[in-house]
Each structure stands twice: as structure tokens, then as C-alpha cells.
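As C-alpha cells, the structure follows; a few thoughts come after it.
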Amino acid sequence: MTDKRPDQPASWENEVWDSDPLMKRSHINKDTYLTCWCPHCGEGLNEDDKAVFRIVNKAGEVGISRVSPYLNVLDRESTIHVEDDEELADVHCPHCDASLIEPDMVCKKDNCKMLKFHISVSNSIKLLITLCVRRTCRWYTMSEEDNERLILRDSHEW
Ligand SMILES: [Zn+2]
Ligand SMILES: [Zn+2]
């Protein structure tokens, strides 16, 4: 596999979505607005159309990061300096301060830590998503069961 340059976002999309049939069938696409929830205290993480996390950077500084809750948008504001490709040391819920890092998983693309939280799409039930803490990577995974629930959403039940 050739190494894709980060300034070619289209290649990321082709590579990830084409290489995984399940992802391709998912109703989470690049334009889907994700409402994010803490899996520990259940509080909503979205605020003014941004998802808000308490982050710890490599230098150990603690700050607040506000990111666009779309999978294809890398827009982000942080109160501390974080390099675009930096692997965050930790990510916490801003409400209960529980760590959202999934200790038993690493990113398949770059071996970075993974961040796990609940999302909902429009009025869907909460689904668990796990994604890479490195901003420019954007690799993510969901359980097969949750993906199937999203796929089923438009056909029946929901
Ligand atoms: Zn929480
Ligand atoms: Zn990654």
C-alpha cells in the first residue's frame, strides 16, 4: 500500500470506504452530523454544533478541544497547542472527566490510541463508535451490530 499524503483528503475516503464493505454500507457518511454522548455519564458532548472534549497533549497540558461532529471535517479549536498529526495523550468527558480512551484497542492504520464514545444520527438510538485520537488519521470502527442497525434504519423499524 502506498503512503497517502495528508493533503489529499479524497484518497483517504477512497481508501477507507472502499476497503471495508461494511463501512461503505454504513449510513454514516461524510456529511452526517453526529450527536456525541459520553458513554460514562450519558451527558451530551455537543455544544453550539461542536463536539467538546477535554484533552491532554503530548506535553501533558490539559485543554478543551471543540471539533466539528462530521467525519470529513478536520475543523478544530483547542485551548492548548496540538499538532495536526499529534497523538493525544488522553481525552476526557468535559462533564464527568472519565477518560474516553479505549485501553484494549489501537488504530489499525497508525497504532495510535483509540477514543470511544456514543453517537446518534438524527433520532437514532445511541451507537458506539471508536476512532483514532490522531486528528489527521480519522480511522474509525463501529460494531457490526451497530452498523447493521444504521443500515436498517431507512428500510423499516425506524
Ligand atoms: Zn461523562
Ligand atoms: Zn490512526
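The values are calculated or read from the model by the stated rules, or taken from the named source; none is laboratory data. Keep in mind that this is a model prediction, so the values were computed, not measured. In this analysis, Cβ positions are derived from the backbone assuming ideal geometry, glycine residues included, and neighbour counts consider all displayed protein chains.
Any residue at all in the range 95-103 that's under 14 Å from W37 (Cα atoms), touching a Ser or Thr at 6+ places or on another chain (Cβ under 8 Å) and not small (G, A, S)? Checked against the condition, which is being under 14 Å from W37 (Cα atoms), touching a Ser or Thr at 6+ places or on another chain (Cβ under 8 Å) and not small (G, A, S), the range 95-103 yields no hits at all. Residues considered: L127, L131, L100. Of these, the only one that is surrounded by 12 or more Cβ atoms within 10 Å (Cβ to Cβ) and touching a residue at least 60 places away in the same chain (Cβ under 8 Å) is L100. With a requirement of 2 or more residues that are over 15 Å from the mean Cα position of the chain (by Cα), the strands (runs of 3 or more DSSP E) lying completely within the range 35-88 that satisfy it span 62-67, 76-78. Selection over the range 50-83 of residues that are exposed (fewer than 13 other Cβ atoms within 10 Å of the Cβ), among the acidic types (D, E) and at pLDDT 90 or above gives a count of 2. Applying the criterion of being assigned to a strand (DSSP E or B) and within 16 Å of ligand 1 (Cβ to nearest atom) to the residues of the range 105-126, the residue that is farthest from G42 (Cα to Cα) is L115. Only one of (1) surrounded by fewer than 16 Cβ atoms within 10 Å (Cβ to Cβ); (2) modelled with pLDDT of 95 or more is not met by D90, so which one is it? Condition (1) is where D90 drops out. Return yes or no: is I129 touching a Cys at 6+ places or on another chain (Cβ under 6 Å), within 23 Å of H40 (Cα to Cα), away from ligand 2 (no atom under 13 Å from the Cβ) and in a strand (DSSP E or B)? Here the answer is no, as I129 does not meet what is asked. Looking across the range 87-115, the residues that are within 16 Å of ligand 2 (Cβ to nearest atom), of a type outside the set (V, I, T) and under 19 Å from K50 (Cβ atoms) come down to L88, L100, L115.
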